[in-house]
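Notes to accompany the following structure.
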Amino acid sequence: MMTCEKLKERGTVAIVGAGPAGTTLALLLHQRGFDVRVFERDASPDARPQGGSLDLRPDSGQRAIRAAGLADAFARRSRDDAKAFRMIGADGQEMPGEGQETHEDAGPEIDRGDLRAMLIEALPDGMVAWDHRIEGLDRHRDGRWLMRIAGQEPVVADLVIGADGSGSCVRAALTDVEPIYTGITMVAAYIRPELRRGSHLSDVLGEGSVMFAGGEKTIFVQRCARDVILLYYSMAVPQDWPRCAGFDLSDVDAVMRAVREAYCDWSPEVLDMLTEVDDHFQHWPTSAMPPDHRWDTRPGLTMLGDASHTMPPFTGKGVNLALLDALDLADALVAEPGQDVADAVAGFESSMQARTSEEIRACLKVGRNAYGIDLGDAA
Ligand SMILES: Cc1cc2nc3c(=O)[nH]c(=O)nc-3n(C[C@H](O)[C@H](O)[C@H](O)COP(=O)(O)OP(=O)(O)OC[C@H]3O[C@@H](n4cnc5c(N)ncnc54)[C@H](O)[C@@H]3O)c2cc1C
């Protein structure tokens, strides 16, 4: 048995993934005196575009940020006026008051890349091992967990924490259950710089975000930092789209043909406004863990954030829950110093699972209403 005190004094903690959950947890544990290392597959903090803007809610995401001492840094990097949200129909008509239930406690928006930069800057140099992709976990002969790392020597740690997102490889050591595809793939597109300010869409958008909706389809538009406008088309396509349709995302004409086809019952004026985009796309097949999913706790190992409770972004809660998990786990490991680490982790897991099963259910309900998704018995 290893107590939380012993883990702090002589043990090592390995976090897999330098996303919002992993970096927040690393900072909180470092501040509490633990020896922490983060293993991230990206070659550097800006190796790939991080995507759009996220709102951090007062009682979850912001709570973790405050606990990490980053309230001022967050205030400097976030945008309060960007939390404004409206809905507009597929005919171009405003839908006053619609959709507010998912934005009732919305907080200031921060771009995903800025959030990552803020957290990485707060960590000691060298705490994140970039370009370290974990390939799998094995039990070491001394009972601890050994991480296999692509092209590197394996690493053994007293506590391994999977913060490696929806495609988590740590998860396989805890459960056979994988996220289920919802049937909705989100395609992100950016507006060309010359079309930003002064364009019709820019005027309609204002400073916040607008959900265009009609016929169980949406196009979500948000103004990000540095005046970038980001659109998310939500397409009901097979999980292996666009490969199954015979093209890839670099084929701009094919992607835009597919988008226009998916929204062919929308007003042409609205669709014209929403399809003048840059020629760079990202796609996210959205998926969800079954809400009641639980795993048997295993000594020396746990997971949090999307790795544990992947859900579609329909309620905008994923990052907030990931940050709250990080705070709860960091607190659990210092709550009672004489406590067994395994018990602290088991307590954390059961309260995280209880909280997130409610959130996944609420999210899938929004998905049913907005997109007609039906995961049957799984949800
Ligand atoms: C299109 C879209 C829009 C969204 N919008 C919102 C929103 O508005 N509000 C909101 O709250 N949430 C939103 N989310 C969800 C939110 O982004 C996630 O919930 C959040 O990023 C989860 O953080 P995480 O740290 O758990 O995982 P991630 O952000 O996925 O980070 C995981 C990290 O682990 C690394 N990694 C993965 N595998 C390995 C490996 N084998 N070895 C080493 N490193 C690895 C990855 O490179 C990544 O850096 C959205 C998600 C999507 C897809």
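The values are calculated or read from the model by the stated rules, or taken from the named source; none is laboratory data. The structure presented is a predicted model; accordingly, all values stated were derived computationally and were not measured. We place every Cβ from the backbone using ideal geometry, glycine too, and count neighbours over all the protein chains shown.
Values as computed for the structure displayed
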| item | result |
| --- | --- |
| Helices (runs of 4 or more DSSP H) enclosed by the stretch 18-121 - at least 1 residues per element that are aromatic (Phe, Trp, Tyr) and away from the ligand (no atom under 11 Å from the Cβ) | 71-77 |
| Unique match (being at positive phi and either more than 13 Å from the ligand (Cβ to nearest atom) or charged (D, E, K, R) (or both)) among GLY316, GLY372 | GLY372 |
| Filtered residues of the stretch 149-166 (kept if within 9 Å of the ligand (Cβ to nearest atom), out of contact with any helix residue (DSSP H, G or I) (no Cβ under 7 Å at 6 or more places or on another chain) and of a type in the set (S, T, N, Q)) | none |
| Selection status of ARG79, of a type in the set (D, E, K, R) and touching a residue at least 60 places away in the same chain (Cβ under 8 Å) | yes |
| Extreme residue, surrounded by the fewest Cβ atoms within 10 Å (Cβ to Cβ), among residues of the stretch 7-17 that are more than 16 Å from the ligand (Cβ to nearest atom) and touching a residue at least 24 places away in the same chain (Cβ under 8 Å) | THR12 |
| Sole residue being in contact with a Cys (Cβ under 8 Å, 6 or more places away or on another chain) and either of a type outside the set (A, V, I, L, M, F, W, C) or part of a helix (DSSP H, G or I) (or both), chosen from GLY338, GLY347 | GLY338 |
| Residue selected from the stretch 167-192 under the condition within 30 Å of LEU274 (Cβ to Cβ), more than 10 Å from the ligand (Cβ to nearest atom) and not β-branched (Val, Ile, Thr), by the criterion modelled with the lowest pLDDT | ARG192 |
| Test for ASP328: is it closer than 18 Å to VAL13 by Cβ, among the acidic types (Asp, Glu), within 16 Å of the ligand (Cβ to nearest atom) and surrounded by 15 or more Cβ atoms within 10 Å (Cβ to Cβ) | yes |
| Yes/no for LEU304 being at pLDDT 95 or above, within 15 Å of the ligand (Cβ to nearest atom) and of a type in the set (A, V, I, L, M) | yes |
| Cross-chain or 6+ apart pairs with Cβ under 7 Å, the stretch 21-32 first and basic (Lys, Arg), then away from the ligand (no atom under 13 Å from the Cβ) | ARG32/ALA330; ARG32/VAL334 |
| The stretch 223-241, residues that are touching a Gly at 6+ places or on another chain (Cβ under 7 Å), surrounded by 17 or more Cβ atoms within 10 Å (Cβ to Cβ) and under 26 Å from GLY183 (Cα atoms) | LEU230 |
| Those residues of the stretch 26-53 which are touching a helix residue (DSSP H, G or I) at 6+ places or on another chain (Cβ under 6 Å), within 30 Å of THR102 (Cα to Cα) and at pLDDT 95 or above, in sequence order | LEU27, LEU28 |
| Of the criteria (1) within 14 Å of the ligand (Cβ to nearest atom); (2) of a type outside the set (Val, Ile, Thr); (3) over 30 Å from ASP248 (Cβ atoms), which one GLY338 fails | (1) |
| Long-range neighbours under 7 Å by Cβ, at least six apart or interchain, first residue over 15 Å from GLU109 (Cα atoms) and among the hydroxyl-bearing types (Ser, Thr, Tyr) within the stretch 302-320, second near the ligand (Cβ under 8 Å from one of its atoms) and at pLDDT 95 or above | THR310/SER166 |
